[in-house]
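For reference, the structure is listed below as structure tokens.
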Amino acid sequence: MIISRTPVRISFFGGGTDYREYYLRNGGAVLGTTINKYIYVSINRLSNFFDYKIRVGYSKSELVNAVNDIVHPSVRECLKFKGVDGNLDIHIFADLPARTGLGSSSSFTVGFLNGLYALEGKMISNEQLAKDALYVEQQMIKEHVGSQDQVHAAYGGLNIIRFNEAGFKVQPLIITSEKRSLLENAMMVFYTGQTRYANEVVKEQIERTSSRNNDGYLKKMLDMVNEAIAIISNEQNTTMIESFGKLLHESWLLKKSLSSQISNSMIDDAYNQALSAGALGGKIAGAGGGGFLSLIVEPTKQAAVRKALKNFLEVDFKFEDEGSTIIYLKN
């Protein structure tokens, strides 16, 4: 049996510039981190005693005899990509709900591919794992997804990821342990209770990006990646969080301009309540439309924000640095 563990991510700046429709023309960059909430995938060899060849367990159970009969798109296409045709028992577990903007679908793809390689006795590089996941999702499934989630999941850590026509480059953010702790402790994440399919939410955004109507907004969002890096690198500990939070607020306002699907009245109300209670800035994770609301809040104001958002579940989390790993392997 193989068990892989792959983190989900929180993106701070640059989201939207990681879509091929933009970065192939202009380059792109994102600043984000993985957190200690994971997608687990177990893979075991299925014996010949069953009257099916593949069992897939997630929110539903699939019992099939051929890869093409699998409904779950990532499971089906990953198996095709690896040339695996049966005798597998596959189960998917998650710390947080799917379709909530933390990149869980890409974390699954990365973790499943990692497990399939381990089943062959192979250890694959983070770079190749991310490239394989990008190929499966963008070329085989043909999903309307960006390119940051797969890279975050494969590498782990607090990173700047830059994109161009040659691919991607990962640069760990240089940050002192004190500033890392300040940033981690200033973050609050709340679950809105709304799930959505990112593929549907981003359709309008991709159309606007392809027609270059979003280029002005995206250029400003791209510049904010470097502004955020400068804040972390150059500002004193006493002012870094305030500057970072206010920049995140500006980025959220720009992000809402990319598509009418990114926010809604519930999200806007919750965000404004958080600001009134003392939050410096924040954003809805991922494509928008629901999911998790991440906020930057000075520790002295967090009790007030927590009270203002008392109807939402708060996530207890830490940053993580490992990326996708094999945590169990037994022949």
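Looking at G14, G86, G27, G57 in this structure, which one is surrounded by fewer than 22 Cβ atoms within 10 Å (Cβ to Cβ), modelled with pLDDT of 95 or more and on the phi > 0 side of the Ramachandran plot? Working first, answer last.
Details: G14 fails: surrounded by fewer than 22 Cβ atoms within 10 Å (Cβ to Cβ); G86 fails: modelled with pLDDT of 95 or more; G57 fails: on the phi > 0 side of the Ramachandran plot.
Answer to the check: G27.
Taking the criterion of being out of contact with any strand residue (DSSP E or B) (no Cβ under 9 Å at 6 or more places or on another chain) and not basic (K, R), would at least one residue in region 291-298 satisfy it? Write out each step before concluding.
Here is the first cut: in region 291-298, the residues out of contact with any strand residue (DSSP E or B) (no Cβ under 9 Å at 6 or more places or on another chain) are 298.
So of that shortlist, the ones also not basic (K, R) come out as 298.
For region 291-298, residues out of contact with any strand residue (DSSP E or B) (no Cβ under 9 Å at 6 or more places or on another chain) and not basic (K, R): present.
Please work out which one of (1) among the charged types (D, E, K, R); (2) buried (at least 16 other Cβ atoms within 10 Å of the Cβ); (3) without any contact (Cβ under 8 Å) to a residue 12 or more places away in the chain is the condition R306 fails and give its number.
Answer for R306: the failing condition is (3).
Restricted to region 124-149, and to residues that are of a type in the set (A, V, I, L, M, F, W, C) and in contact (Cβ under 8 Å) with a residue 40 or more places away in the chain, which residue is nearest to N159 (Cα to Cα)?
Step one: list which residues in region 124-149 are of a type in the set (A, V, I, L, M, F, W, C), which gives 124, 129-130, 133-134, 136, 140-141, 145.
The next check asks that each one be in contact (Cβ under 8 Å) with a residue 40 or more places away in the chain; those that pass are 129, 136, 140-141, 145.
On the way: L129: 17, V136: 23, M140: 27, I141: 27, V145: 19 Å.
The residue in question is L129.
Scan region 106-124 residue by residue and report those that are touching a helix residue (DSSP H, G or I) at 6+ places or on another chain (Cβ under 9 Å) and of a type in the set (G, A, S).
Residues satisfying the conditions are S106, S107, G111.
So is K255 surrounded by 18 or more Cβ atoms within 10 Å (Cβ to Cβ) and under 23 Å from D18 (Cα atoms) or not? Even if it seems obvious, please write down each step before you answer.
On the way: surrounded by 18 or more Cβ atoms within 10 Å (Cβ to Cβ): yes; under 23 Å from D18 (Cα atoms): yes.
Yes.
Answer yes or no as to whether A228 is small (G, A, S), farther than 23 Å from I262 by Cα and out of contact with any Lys or Arg (no Cβ under 9 Å at 6 or more places or on another chain).
Numbers: small (G, A, S): yes; farther than 23 Å from I262 by Cα: no; out of contact with any Lys or Arg (no Cβ under 9 Å at 6 or more places or on another chain): yes.
Against the criterion (small (G, A, S), farther than 23 Å from I262 by Cα and out of contact with any Lys or Arg (no Cβ under 9 Å at 6 or more places or on another chain)), A228 does not qualify.
Given (1) out of contact with any Phe, Trp or Tyr (no Cβ under 8 Å at 6 or more places or on another chain); (2) without any contact (Cβ under 8 Å) to a residue 40 or more places away in the chain, where does G281 come up short, assuming only one miss?
It is condition (1) that G281 fails.
Given the criteria farther than 30 Å from I284 by Cβ, not aliphatic (A, V, I, L, M) and not in a helix (DSSP H, G or I), does F12 qualify? Outline the logic, then answer.
On the way: farther than 30 Å from I284 by Cβ: no; not aliphatic (A, V, I, L, M): yes; not in a helix (DSSP H, G or I): yes.
No: the conditions fail for F12.
Looking only at region 272-294, count every residue that is more than 21 Å from T100 (Cα to Cα) and in a helix (DSSP H, G or I) and tell me the total.
First pass over region 272-294, keeping only residues more than 21 Å from T100 (Cα to Cα): 275-280.
Right, trim to in a helix (DSSP H, G or I) and you get 275-277.
The total comes to 3.
Go through L218, L248, L222, L182 for me and flag whichever is of a type outside the set (G, A, S) and in contact with a Lys or Arg (Cβ under 9 Å, 6 or more places away or on another chain).
Values: L218 fails: in contact with a Lys or Arg (Cβ under 9 Å, 6 or more places away or on another chain); L222 fails: in contact with a Lys or Arg (Cβ under 9 Å, 6 or more places away or on another chain); L182 fails: in contact with a Lys or Arg (Cβ under 9 Å, 6 or more places away or on another chain).
Answer to the check: L248.
Do we have any residue at all in region 295-302 that's charged (D, E, K, R), part of a helix (DSSP H, G or I) and exposed (fewer than 14 other Cβ atoms within 10 Å of the Cβ)? Give the derivation first.
Step one: list which residues in region 295-302 are charged (D, E, K, R), which gives 298, 301.
From what's left, part of a helix (DSSP H, G or I): 301.
When the remaining residues are screened for being exposed (fewer than 14 other Cβ atoms within 10 Å of the Cβ), the result is none.
Within region 295-302, not a single residue is charged (D, E, K, R), part of a helix (DSSP H, G or I) and exposed (fewer than 14 other Cβ atoms within 10 Å of the Cβ).
Are any residues in region 60-105 within 25 Å of T34 (Cα to Cα), in contact (Cβ under 8 Å) with a residue 24 or more places away in the chain and part of a loop (DSSP other than H, G, I, E, B), and if so, which ones?
Those that are within 25 Å of T34 (Cα to Cα), in contact (Cβ under 8 Å) with a residue 24 or more places away in the chain and part of a loop (DSSP other than H, G, I, E, B): D95, L96, P97, A98, R99, T100, G101, L102, G103.
The rows are residues; the columns are (1) within 30 Å of E320 (Cβ to Cβ); (2) within 21 Å of the chain's Cα centre (by Cα); (3) aromatic (F, W, Y).
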{"site": "I2", "(1), (2), (3)": "yes, no, no"}
{"site": "F13", "(1), (2), (3)": "yes, yes, yes"}
{"site": "T17", "(1), (2), (3)": "yes, yes, no"}
{"site": "I35", "(1), (2), (3)": "yes, yes, no"}
{"site": "L46", "(1), (2), (3)": "no, no, no"}
{"site": "K53", "(1), (2), (3)": "no, no, no"}
{"site": "D69", "(1), (2), (3)": "no, no, no"}
{"site": "L79", "(1), (2), (3)": "yes, no, no"}
{"site": "G83", "(1), (2), (3)": "no, no, no"}
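Quick one: M123 ticks every box in (1) more than 18 Å from Y328 (Cα to Cα); (2) modelled with pLDDT under 95 bar one, so which box is it?
Unmet condition: (1).
The values are calculated or read from the model by the stated rules, or taken from the named source; none is laboratory data. Because the structure is predicted, anything quoted here is derived from the model rather than measured. Using ideal geometry, Cβ is built from the backbone for each residue, glycine included, and neighbour counts are taken over all protein chains shown.
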